[in-house]
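Just below is one structure, and these are the notes that go with it.
Coordinate-derived values only; no laboratory data. Since the structure is predicted, the reported quantities are computational estimates derived from the model, not experimental observations. Here Cβ is always computed from backbone atoms with ideal geometry, including for glycine, and neighbour counts include all displayed protein chains.
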Amino acid sequence: MDVNELLAIGSALTTVARLHIKYSVNMVSERQLLRSKRNTYMYHEKFQHLDELRKSTVQRPQKIAMALEHSVGCCGELCMICYEIADSYSFELTENLYITNLYTYHGDPESIFNHSFLLLHQSGTLNQRVVNSSLRDVPVSSSMHTLSRSYQGLDNAVIVDPWIYAATPLSELTAHILRAEELGVEECYTAGVCFNGEKEYKHTNLNKDSFNSRAIIPMDIMEGFEKEYQLHLNSLSRYKLKTKNRSIHIPRNSGSFVKKWPHDDLKYDHLLESQRLIPASESRGSFAKPRGYESIRESLFIEIDDYQRKKLNEQTRKIHEMQLFINDMINSASSCMKRFESSKKVSALIELRSCLAENIRRKPGERHKIISDDGLKLVFEAATKIALCVRGKKFKQDIPLNKLQQTKTALSLIRNDHRRYAFESIDGLSLDDFRQIRNSNEGKSEKYHRLIRHIYGGDFSIDLLQEPDHKAYWYSQAKVIYDGLKRKPRYTFAQQ
C-alpha cells in the first residue's frame, strides 16, 4: 500500500478523535498548549473528570464513554478511541494492515513523559513480535529514530498521534518531532519504544470482512469517521492526479524557453530535476496536512474564555446573594447589639460580608481572583455558627428546651421566607432544611433545637454555644476566612 493511503486513515482517525476529545489537561507546562489556562474553571473541571476516569475501575467501554462525555483525555484515552474506531470500521483492503499501540518508556511506569501513540504499518515481523509477547514494557526499539530500521516493512508506516494533533509518515519523523516541539512536549519522544503485552487491545489487523462486535464507539462518531475518511480519500485522488499531470513550474526570472541555444536544454533539465527532489512532506501540499498550532490554540481558547466568562458571571451572582443572605442576619440582630460597634458577633458577620463585597466590587481588570464554591462554603459555615453564639453565662447542664436562649440572628434562618438563592446550587449549601423547619408544626423551642442540630450535626452539646473559647474561635475565624479568601489561591480561581 502507498504511504498516503495509510496517511488518509491516520489523519481521519486523528481528526475525529480530536473533534470529540478536545482537552488534554496534561499540556500545562512551560510552552505547552494550555499553560495560560490552567487556572480557569474549564481546566479545573476537565482535570477533575480525567482524574475520576483514571481512578475508576470500570471496563474499557465505560472509560471511553466517560472520556467522550466530558471531552477530556490524554494520549492514552485518545489512542484508545482511535484504536476502537479503526477496529470497528470495515476498510476495503486487499492487503494486511496492522494498527499497533506503542509508547515511549522512560524507565518509570509513573513518568509523566511516557507517551502513547499508534502505528499504522504492514510489517509482519513487528506484528508477530507483539502477538507472541504477553509481558509488560516489551522493548521494540531503542528510540523513535531507530524504529524504522528495527523491522522490515515499515517503509510506509504512519505514526497516528492524536495527542499532538498529527498523523505523520514514519519516514518523516523529524517533522513529527518538530510538531511536538511546537507544542512543548518534545521530551516525551526521547526514550525507547515499547508495547504492553498484557493489554488485550494492543494490536489488530484492519484487513477484515466485518465490524467489531463490541460496538464501543457510538454510531454518530463512526459515521463522522466515515465522512472524514472519504474526504481524505477524495483529497488523495485529487492529489495523485495533480502530481501525475503536474507541469514544471518555471520561475519568472528564468527567462523564455524558446530553444535558441544548446544550453537551454541543460537549463530545462536542471529545473525538472530540482522539482523532482522536493521532500515528500513539502510535495504533499494540503493533503493530510496537520492542523496549525495557532488554529488549535484559537479554537480551544475561544471555548475556554467563553465558559470562563459564563462561570465568572454565575459565581459573581452566588457571591452577591451570599452577601445578601448574611446581610439579612445582621439586620435581624438585636438593636442592642447593633448599637455597639464593638459587638464581636455583629463585627464578625460584617467582616464576612465585607470579604464578599470587596471581591465583587473590584473593577473587571483588577478582579484577577474570585471566591470559589469552597470559599463560599467556608463563609456559610462560619456565618451560621456565629449566628448561634449567645452572650451571658454558661448554660446549666441538661437545660430544658423551652429555657434555651435563642438569638435573633439564628431565628432569622428559620423565620425568614427565604427565596431561592443562586448559591444553593453548591453542594451542601441548600436552605431547604431551613425551610422545612420553618414550615413544620413543631413549637418554637423544638424548631430552634432542630436548627442547632442541623448546623452542628447530631453529636453536639448545647452548652458549647456559650463556651467563651468556642465563641472566640468562630469570631476570630471570620477574620481568618476574610484574609484567606483574599490571598490563598486554593480558595480562588484566577481570571484569564
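Things worth noting here:
- Other residues lying with their Cβ under 12 Å from the Cβ of Glu198 contribute a combined charge of +1, Lys and Arg counting +1, Asp and Glu -1.
- Gyration tensor (alpha-carbon) shape descriptor, the range 22-66, a/c threshold 1.5: prolate
- Potential extension, Thr94-Glu358 segment - 0.36 nm per residue separation minus Cα distance: 88.1 nm
- Estimated FRET transfer efficiency (Phe113, Arg149; beta-carbon r; R0 25 Å; 0.05): 0.60
- Pair Val131, Arg297: separation of 7 Å Cα→Cβ label points (nm): 4.6 nm
- Relative packing of peptides 325-332, 303-310, 11-18, 46-53 - highest average C-beta neighbours within 10 Å first: 11-18, 325-332, 46-53, 303-310
- Gyration tensor verdict on the range 107-199 (Cα atoms; rounded if a/c is under 1.5, prolate if a/b is larger than b/c, oblate otherwise): oblate
- Treating r as the C-beta distance of Ser445 and Met1 and R0 as 60 Å, the FRET efficiency rounds to 0.10.
- Segments 165-171, 431-437 sorted - mean Cβ within 10 Å per residue, highest first: 165-171, 431-437
- Spacing of the modelled spin labels on Lys227 and Glu181, each 7 Å from Cα toward Cβ, amounts to 3.7 nm.
- Annotation for Leu19 and Arg238: the two label points, set 7 Å from Cα along the Cα-Cβ direction, are 1.7 nm apart.
- Straightening the chain between Asn205 and Asp328 buys 37.4 nm, computed as 0.36 nm per residue apart minus the Cα-Cα spacing.
- Charge tally in the Cβ shell below 12 Å around Leu178, where Lys, Arg are +1 and Asp, Glu are -1, Leu178 excluded: -3
- Spin-label zone in the range 109-124 - amide nitrogen under 16 Å from a point set 7 Å from the Cα of Arg31 along the C-beta vector: 113
- Here the gap between Asp305 and His454, fully extended at 0.36 nm per residue and compared with their Cα-Cα distance, gives a gain of 49.7 nm.
- Among the listed pairs Lys444/Lys479; Lys22/Lys289; Lys377/Lys447; Lys447/Lys479; Lys199/Lys289, those with a Cα-Cα distance over 26 Å are Lys444/Lys479; Lys447/Lys479; Lys199/Lys289.
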